[in-house]
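Scroll down for the structure; my scribbles are underneath it.
The values are calculated or read from the model by the stated rules, or taken from the named source; none is laboratory data. This is a predicted model, so every value here is computed, not measured. Backbone-built Cβ (ideal geometry, glycine too); neighbour counts: all protein chains shown. Just so you know, the surface numbers come from the protein's heavy atoms only, side chains and all, with ligands and any DNA or RNA stripped out. Shrake-Rupley method; radii C 1.70, N 1.55, O 1.52, S 1.80 Å.
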Amino acid sequence: RGKKAFIAGVADDQGFGWAIAKALAEAGAEISLGVWVPALNIFETSFRRGKFDDSRKLASGGLMDFAHIYPMDAVFDTPDDVPEEVKANKRYAGADGFTISECAAKVARDSGKIDILVHSLANGPEVTKPLLETSRKGYLAAMSASSYSYVSMLQRFGPLMNPGGASVSLTYIASEKVIPGYGGGMSSAKAALESDTRVLAYEAGRKHQIRVNTISAGPLGSRAAKAIGFIDDMIRYSYANAPVQKELAAQEVGNVAAFLCSPLASAVTGVTMYVDNGLNTMGLAG
Ligand code: NAD
């Protein structure tokens, strides 16, 4: 039986979410996506116009396809959470059922059970501000989009998952070591995500017999990372100082995500796995 995967956090072919989709598709999984509402239109248009065709090529010669593409906004759990100004926003007006619970209900309707759940999204409106200058609103927004969204997804998608299934998210070493420039409460949000990974591995392991892991990825020039501003410096720093001196490819993270979600990792849960060319091991610039 082919496995079914739901991936939240794909809006182009440049980020980790796309690379995870690719690795899972290569392994034969059926992929559905949850795409952030404001990014959905351009994603679907670009997809239709063939802009991603090169990146869609599979080893078999075919093109990666998606079974379903759903609008999603991971800061809302149920319709009652959506404020009037968001409903009225023209980028949201055409979309419906984009809260996490509604999205899970659509996946249940269209796919029945799933085997793999991926959270590859983050957002921190004040990410460019130092933590010391971050507002309460900005801090809580970072936690809401980047950490609680995962708790909520496991709440709603966990019951749809087959026993033996697995879930993975993406984190960053700024949770445990100071990375100047990764502000706005994003470092706090990643610390929460990693701690929650352990607790959720226990709770969802017992409740649904699924595994929960997170990948601490090295720097990648994705759209989200470019918005932070210092990604090119981080890539250069990593190249200069990591044990393995090469630029990190998104696909290297995609491949580890596929491994973690496969039976090869059937005894691995609650783990923060570094996929960063080993940079995390260094105590002093190499
Ligand atoms: P990306 O831009 O490809 O992915 C981020 C996605 O989050 C986008 O598709 C965006 O549309 C989506 N998103 C934002 N707010 C959302 C919301 N409220 N609801 C639903 N979707 C929302 O960038 P990426 O770098 O591949 O990011 C994926 C994950 O990897 C994030 O968790 C990020 O923190 C993590 N990460 C990135 C790096 C890096 O250097 N790029 C390093 C370590 C970890």
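Considering only residues in the stretch 15-56 that are β-branched (Val, Ile, Thr) and within 13 Å of the ligand (Cβ to nearest atom), the one that is farthest from the chain's Cα centre (by Cα) turns out to be ILE42.
Within the stretch 264-282, restricting attention to residues that are among the small types (Gly, Ala, Ser) and touching a residue at least 12 places away in the same chain (Cβ under 8 Å), which residue is farthest from LYS3 (Cα to Cα)?
So the first thing to find is which residues in the stretch 264-282 are among the small types (Gly, Ala, Ser), and the list is 265-267, 270, 278.
Those still in the list that are touching a residue at least 12 places away in the same chain (Cβ under 8 Å) too: 265-266, 270, 278.
On the way: ALA265: 15, SER266: 15, GLY270: 22, GLY278: 31 Å.
Filtering the stretch 264-282 for residues that are among the small types (Gly, Ala, Ser) and touching a residue at least 12 places away in the same chain (Cβ under 8 Å), the one farthest from LYS3 (Cα to Cα) comes out as GLY278.
Scan the stretch 231-251 residue by residue and report those that are open to solvent by less than 60 Å² (accessible area, probe 1.4 Å) and outside any loop (DSSP other than H, G, I, E, B).
ILE231, MET234, ILE235, SER238, ALA240, ASN241, ALA250
All conditions but one from (1) buried (at least 22 other Cβ atoms within 10 Å of the Cβ); (2) out of contact with any helix residue (DSSP H, G or I) (no Cβ under 8 Å at 6 or more places or on another chain) apply to GLN209; the one that does not is (1).
Residue pairs whose Cβ atoms lie under 6 Å apart, sitting 6 or more positions apart in sequence or on different chains, and linking a residue in the stretch 251-263 that is within 12 Å of ALA166 (Cβ to Cβ) and modelled with pLDDT under 95 to a partner that is assigned to a helix (DSSP H, G or I) and β-branched (Val, Ile, Thr), do not occur here.
Starting from residues that are closer than 19 Å to GLY158 by Cβ and in contact with a Leu (Cβ under 9 Å, 6 or more places away or on another chain), keep the ones in the stretch 1-14 and report whichever is nearest to the ligand (Cβ to nearest atom). Please lay out each step first, then the result.
Step one: of the stretch 1-14, the residues closer than 19 Å to GLY158 by Cβ are 3-9.
Then drop every residue that is not in contact with a Leu (Cβ under 9 Å, 6 or more places away or on another chain), which leaves 3, 5-9.
Values: LYS3: 21, ALA5: 16, PHE6: 13, ILE7: 10, ALA8: 6, GLY9: 4 Å.
Selected residue: GLY9.
Residue under question is ALA201, and the condition is that it be aliphatic (A, V, I, L, M), touching a strand residue (DSSP E or B) at 6+ places or on another chain (Cβ under 9 Å) and within 8 Å of the ligand (Cβ to nearest atom); does it hold?
no
This table checks each residue for (1) without any contact (Cβ under 8 Å) to a residue 40 or more places away in the chain; (2) within 12 Å of the ligand (Cβ to nearest atom).
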{"position": "ALA166", "(1), (2)": "no, no"}
{"position": "TYR172", "(1), (2)": "no, yes"}
{"position": "ARG206", "(1), (2)": "yes, no"}
{"position": "SER222", "(1), (2)": "no, yes"}
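Of the residues making up the stretch 256-272, those that are open to solvent by 40 Å² or more (accessible area, probe 1.4 Å) and either within 15 Å of the ligand (Cβ to nearest atom) or of a type in the set (Gly, Ala, Ser) (or both) number 2.
For (1) open to solvent by less than 60 Å² (accessible area, probe 1.4 Å); (2) assigned to a loop (DSSP other than H, G, I, E, B); (3) in contact with a Pro (Cβ under 7 Å, 6 or more places away or on another chain), each residue gets a yes or a no:
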site	(1), (2), (3)
ILE7	yes, no, no
ASP12	yes, yes, no
ALA25	yes, no, no
LEU40	yes, no, yes
PHE47	yes, no, no
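All of (1) open to solvent by 40 Å² or more (accessible area, probe 1.4 Å); (2) farther than 28 Å from THR171 by Cβ; (3) within 15 Å of the ligand (Cβ to nearest atom) hold for ALA59 with one exception: (3).
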